[in-house]
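Some notes on the structure that comes next.
What follows is calculated from the coordinates using simple rules that are stated; it is not laboratory data. Just so you know, these numbers come straight off a predicted model, no measurement behind them. Neighbour counts are summed over all protein chains in view; Cβ atoms, including those assigned to glycine, are modelled from backbone coordinates with ideal geometry.
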């Protein structure tokens, strides 16, 4: 039997707006069996969906199709990575997002070259590279803390700037 949630916490299908029912239609048959938290998440998702333009909706649908094509193990790995990311301090999350944005802004040929170079490395070479990048990042942060960052590194500005 499906789980039974306290009626006071669940949202009856009839309480949804017409727009919500339209977006959430695929869930109608099992709506009453969903946890209140899941119902709320779906309602928030429906609200976001209504605010997307057509291009954004198509992009979402493409990403969703890719997600559905993943194996359960691949999905679980992605969820684990995301949980680890969310557990990081905001400054570290921002650093990672900035690096990802810089990578995505590279010309496609350069991105491909870097991906192939990383893919061709042995696990030991990858670890060495990661250690070296961490060391350089620590040095950069230390220079920033001391106030003598290299030009363009986001440190203190001189009086002439």
Note to self: Suppose the chain between residue 99 and residue 17 were pulled fully straight at 0.36 nm per residue; how much longer would it get relative to their current alpha carbon spacing?
What the structure shows: 25.4 nm
Checklist line | Relative contact order (%) - criterion: Cα under 8 Å, at least six apart; region: the chain | finding: 11 percent
Item checked: Mean ellipticity per residue at 222 nm, deg cm²/dmol - from DSSP H runs of n ≥ 4 across the chain, formula -39500 (n - 2.57) -> -21500 deg cm²/dmol
Margin query: Quick check: the distance between the Cα centres of region 77-101 and region 9-55, to the nearest angstrom?
Written below: 28 Å
Next item on the list: Can you tell me the relative contact order of region 1-64? Whole percent, Cα pairs under 8 Å, sequence separation 6 or more.
Entry: 35 percent
Notebook entry, point to check: Can you give me the pair-distance distribution of the chain, C-alpha pairs, 10 Å bins, whole percents?
Noted result: 8, 19, 30, 18, 16, 9, 1, 0
Next item on the list: Give, in nm to one decimal, the length gained when the segment between residue 49 and residue 68 is fully stretched (0.36 nm per residue of separation minus the Cα-Cα distance).
Entry: 5.0 nm
Notebook entry, point to check: Using the beta-carbon distance between residue 122 and residue 84 and R0 = 25 Å, what value does 1/(1 + (r/R0)^6) give for FRET efficiency, to the nearest 0.05?
Noted result: 0.60
Margin query: Using all alpha carbons of region 1-64, what is the percent of pairwise distances in each 10 Å bin, ordered from the shortest bin to the longest?
Written below: 20, 49, 24, 7, 0
Note to self: Kirkwood Rh and Cα-based Rg: tell me the resulting Rg over Rh for region 75-155, rounded to two decimals.
What the structure shows: 1.01
